[in-house]
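Have a look at the structure below before the remarks.
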Amino acid sequence: MDIASRPSEPAASPQLADAAPPPQAPPVIRREDYLPPAWLVPEIALDFALGLDDTRVRSKLAVRRNPDGNGSTTLRLNGDNLTPVSVSLDGSAVNDWRLDGSDLLIDLPGEAHEVEIETAVNPAANSQLMGLYASGGMLCTQCEAEGFRRITFFPDRPDVLSTFTVRMEGDKQTFPILLSNGNCTDSGDGADGTHWAEWHDPWPKPSYLFALVAGDLVANSDSFTTMSGREVALNIYVRPGDEARTEHAMASLKASMKWDEETFGREYDLDLFNIVAVSDFNMGAMENKGLNVFNTRYVLADPETATDADYDGIEGVIGHEYFHNWSGNRVTCRDWFQLSLKEGFTVLRDQLFSADMGSAAVKRIEDVRILRAAQYPEDSGPLAHPIRPDSYQEISNFYTSTVYNKGAEVIRMMRTMVGEERFRAGTDLYFERHDGEAATCENFVKAIEDGAEIDLEQFRLWYSQAGTPQVTAKLIHENNFATLRLTQTVPPTPGQPEKQPMPIPLKVALFERETGKHHGEQLIVLDKETQDFPFKGYLRPPVVSLNRGFSAPVAIESERPDEDLVFLAARDDDPFARYEAMQSLVVRHLVKAVGGGLEERARDVERDAVSQAFEAILDSDSLEDLMRGELMILPAESYLAEQMLVADPSAIHAEREALKAWLGEELQDDFLDLHDRALAVPYSRDAEARGARKVKSIALQYIAAGDPEEGATRALAQYQAADNMTDRQGALMVLASLDCPEREEALGDFYKRYQGNALVVDKWFSLQTSSFHPDVLEHAKALANHPDFTMNNPNRVRALYMALAANPHAFHAASGEGYRIIGDLIRRLDPVNPQTAARFVPSLGRWRRIEPGRSAMMRAELEKIAAVPQLSRDVLEQVTKSLG
Ligand code: B3K
Ligand code: ZN
């Protein structure tokens, strides 16, 4: 009998709710179909006989019927690409198990049983980097979201929590270090040059948090004493030779542990915390319990090889993974639709941490820049989804900026509405109520509602509605009343044609023109379609500063005159609002210029306004350089494209470059002075020196835009004098876009200098494919044939191709060659690493928002991908939805 269609047979995981699909249509998994597991696995004992190309896994499961399940007698164990070598039940070999697709099913007569299964896997052949795989001679795992099923058969869903005991044995020379979750309970030597170790994790966890690492590694070791006095041993494991580059990661880890105690009252709960850095990794890092696995990119740093941005990235990701120990591990997700429960919350926690470690103002601007560059396009495109999606075909496709970054913004709004203290009462209640559980987003909202004492009924719409709300602001001035009239619309998104108004918390201040002062910031909450907010006591219309601190993730359209924006850019006391005024001024000008709506005279008037605002920023003594640098960055081309219904990428590029050149010429002396001043500041990691490095390379960009020869000379000099990667990369970035002999000289030198250092060679690749050089596509093609290029390393693939896909000048080349390069990459990468391949689809998926000529070519590329037989579920879902 067809097992899957038997009425008594529950889908043990929501992933399996649908019948076998036709080859080109992966089943749709729906949130509303969630069923609790029929069987629980309170304990699992794993025994690994390790080998790079042959690892044997014996898994012993103590299973017991779930009283909250549907009573099915069939145990469904998920598998992916696995063949069982043997299966036994309660100590005796059995043959009456069966496979349903990739899953293994066993009928169980009683309430509790012991199931033992042996599987064999080949880590060296695992190019997907999911499950157990080999990376540079070591073995490591990645199990989130559904990688554990590639190691052994198991109910691979986050609401099945088990206590793990792990034994592993392998060749002592190949695998001198043997690690898993929790604590090492025993170890010893075996026969024939082998050794073994046993690990036990006392905290029950879902299978996605399992980890194993075996290889030739050395540790930077330290310790941390927790607030209750627990001494925790800390180790950061890297390849021999890389130890010296782990100091910043270690400092970041200790700072994270302390910060989480102080800010959220969360204490670490094991005696050991291990981090391992691996060079082949699909994403940034993974929060496995007690054994975080990291992309080397987020561990290794020294001034010679890492930029200031790399240092910040390490601090943020180390914090993020550490914070997951509570928001993710101690309280995990019921199902993958709840991903934002752990990811949105943990992103907010890492944002707050980084803000506390450095400049809060700059960090907030960076957060918003990321949201606008990555999430806004998601929200306005064919792949738009709410932060708690309703359905998916491949869960890996939902590790998105929407779930992560918008998820963080949604939780931040709750915090803004109730204030820090009440928010903390809410999160305390959440952790207390759900510790040890697999929870839902609803559980989180309810805990904040109860703990912080706020009604979040309408606010829940932020979890279910996709799309970036558009808020229109109008100031009406009568007698001595200034009335702010706000209107919101939430645009339709795929599957959600109608939307309801949501509560939008907006921080606002009204400046008097005469004094340049305001009477204090207020929080208003727009929760209807249109609402008037009156402010008394303004004889003249005030200058409105709205959405201060980016209190809500919305797009604001207002009719404020340019002079108001110049006013705010020069003197708003909210740093984000100041940045925003500057951005709005430039965006407004460029959108008009791109649309051809500007006569020459009007263009000059507008450019003067921009220049005036720039001058105020360059001259201001009260600004720190880190902030000055932020204010000098022009809005990204992708963000400009977002402002238009249908965008012409060449026109956007040309106008943005023209403005840069104009500012470079107009304010040349200021930029030269700034560059000279910054060059004189010696290297250190303090805020002043980091600020100097930031404005140094930005000033250089404007100098080169206004006078390419002067730019090339200065850039080469900066490159050659550099004693750190920030300056060197900043100079090389400028040179990479120029058509001049200095370019070849510096690029050649850079490669020779850092050949063999994978992370720096990645920079060398991406500097060239993110450049504005006229031959950028030729360069990209040549780099694809470079001996250092490989499809098997996601960092290298991203360095070459993600940089290109994110570079509108290259990607949107009028010939369509950029689209062909990315389309071809997706087709070739899919059989190797589908998860990484699928990440490239959204760039082509934007075709509806691009002018017709290019749009047709983008669509054609998607169709070519869709025609490939046996596409992965990952790519197929993204391509089908993008073609829509
Ligand atoms: N939780 C992991 C992400 C896993 C992605 C799997 N495709 C890293 C993080 O967000 O911390
Ligand atoms: Zn995370």
With each pseudo-label sitting 7 Å past Cα toward Cβ, what's the GLU231-GLU432 distance in nm, one decimal? 3.3 nm
Calculate how steeply helix 339-357 sits against the longest principal axis of the alpha-carbon atoms of the chain, using the helix alpha-carbon long axis, and give the answer as 0 to 90 degrees to the nearest 10. 50 degrees
Based on the Kirkwood radius over alpha-carbon pairs, what is the Stokes-Einstein translational diffusion coefficient of the stretch 470-559 at 25 °C with 0.890 mPa s viscosity, in µm²/s? 177 µm²/s
Assuming R0 = 35 Å, can you tell me the calculated FRET efficiency for the pair GLU744 and ARG571, based on Cβ-Cβ distance, to the nearest 0.05? 0.15
Once phi is turned into θ = phi - 60°, what whole-Hz ³J(HN,Hα) does the Karplus curve with 6.51, -1.76 and 1.60 give for every residue of the stretch 471-488, x standing for Gly and Pro? 10, 9, 10, 9, 9, 10, 10, 9, 6, 10, 10, 10, 10, 9, 9, 10, 10, 10
What is the extension gain from ALA860 to ILE454, computed as 0.36 nm multiplied by their sequence separation minus the C-alpha to C-alpha distance, in nm to one decimal? 141.1 nm
Rank these residues by their accessible area, most exposed first, probe 1.4 Å: GLU453, GLU624. GLU453, GLU624
With all protein chains modelled, accessible area of LYS592 [1.4 Å, Å²]: 80 Å²
Long-range amide H contacts for ARG266: which residues qualify at under 5 Å (H placed 1.01 Å from N, peptide plane, sequence gap of 5 or more or a different chain)? GLU261
Please calculate how many Å² of accessible area the stretch 543-588 carries per residue, with a 1.4 Å probe and no DNA, RNA or ligand atoms counted. 30 Å²
Just how large is the dipole of the chain about the Cα centre, in debye to the nearest 20, putting +1 at every Lys and Arg Cβ and -1 at every Asp and Glu Cβ? 1380 debye
Structure-based [θ]222 nm, the chain - -39500 (n - 2.57) summed over DSSP H runs of at least 4, per residue, nearest 500: -12000 deg cm²/dmol
Accessible area expressed per residue, the stretch 206-248, with surrounding protein chains retained (probe 1.4 Å, Å²): 37 Å²
Sort ILE633, ILE703 by accessible area with a 1.4 Å probe, largest first. ILE633, ILE703
Can you list the residues of the stretch 448-482 with backbone N under 17 Å from a point 7 Å past the Cα of HIS519, pointing along Cα to Cβ? 476-482
Using Cα pairs closer than 8 Å and at least 6 residues apart in sequence, work out the relative contact order for the stretch 334-464, in percent. 33 percent
Accessible surface of the stretch 302-391, 1.4 Å probe, proportion on carbon and sulfur as whole %: 55 percent
Can you work out D for the chain in µm² s⁻¹ from Stokes-Einstein, where Rh is the Kirkwood radius over C-alpha pairs, the temperature is 10 °C and the viscosity is 1.306 mPa s? 55 µm²/s
Would you please classify the overall shape of the stretch 397-469 from the alpha carbon gyration tensor, given that a ≥ b ≥ c denote the square roots of the eigenvalues, rounded means a/c under 1.5, and beyond that prolate means a/b larger than b/c while oblate covers the rest? oblate
Rank these residues by their accessible area, most exposed first, probe 1.4 Å: GLU457, GLU521. GLU457, GLU521
XL table LYS205/LYS881; LYS289/LYS363; LYS592/LYS763; LYS254/LYS763; LYS406/LYS536; LYS528/LYS660; Cα-Cα > 30 Å flagged, in table order, is LYS205/LYS881; LYS592/LYS763; LYS406/LYS536; LYS528/LYS660
Out of residues 5 or more away from LEU217 or on other chains, whose amide H comes under 5 Å of its own, with H placed 1.01 Å from N in the peptide plane? ILE177
Per residue of the stretch 313-327, in order, report the coupling 6.51 cos²θ - 1.76 cosθ + 1.60 (Karplus, θ = phi - 60°) as ³J(HN,Hα) in whole Hz, putting x for Gly and Pro. x, 4, 4, x, 6, 4, x, 3, 5, 5, 5, 4, 4, 9, 8
Among the chymotrypsin sites (Phe, Trp or Tyr not before Pro) in the stretch 622-688, which ones are in a DSSP loop with at most 15 other Cβ atoms within 10 Å of the Cβ? Mind listing them? TYR683
Extending each Cα 7 Å along its Cβ direction at GLU778 and GLU111, get the distance between those two points in nm, one decimal. 7.7 nm
Quick one: work out the % antiparallel among DSSP beta bridges in the chain, nearest 5. 80 percent
Not counting ligands, DNA or RNA, and with a 1.4 Å probe, what is LEU40's accessible surface area in Å² rounded to the nearest 10? 40 Å²
5 angstrom amide H check on VAL331, placed H, neighbours 5+ away: GLY436
Once you keep just the Cα pairs under 8 angstrom separated by 6 or more residues, what percentage relative contact order results for the chain? 8 percent
The ³J(HN,Hα) series, computed from each phi in the stretch 282-289 with the Karplus coefficients 6.51, -1.76 and 1.60 at θ = phi - 60°, rounded to the nearest Hz and given as x for glycine or proline, is 6, 9, x, 5, 9, 8, 2, 4
So for the pair GLU600, LYS258, with labels modelled 7 Å out along Cα→Cβ, what separation do we get in nm? 6.2 nm
Report the extension gain between ALA251 and ALA654 in nm, rounded to one decimal, defined as 0.36 nm multiplied by the number of residues separating them, less their alpha carbon distance. 140.7 nm
Taking a virtual spin label 7 Å from the Cα of ALA309 along the C-beta vector, which residues in the stretch 325-367 bring their backbone nitrogen under 13 Å of it? 366-367
May I ask for the distance between the Cα centers of the stretch 557-573 and the stretch 290-321, given as a whole number of Å? 37 Å
Using 0.36 nm per residue of separation minus the Cα-Cα distance, give me the extension gain between GLU498 and HIS786 in nm, one decimal. 98.7 nm
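The values are calculated or read from the model by the stated rules, or taken from the named source; none is laboratory data. Bear in mind the structure is a predicted one, so any value in this text is a computation, not a measurement. Don't worry about glycine lacking a Cβ; one is built from the backbone with ideal geometry, like all the others, and counts go over all protein chains shown. Quick note on the areas: whole protein, heavy atoms, side chains included, nothing else; ligands and nucleic acids left out. Shrake-Rupley method; radii C 1.70, N 1.55, O 1.52, S 1.80 Å.
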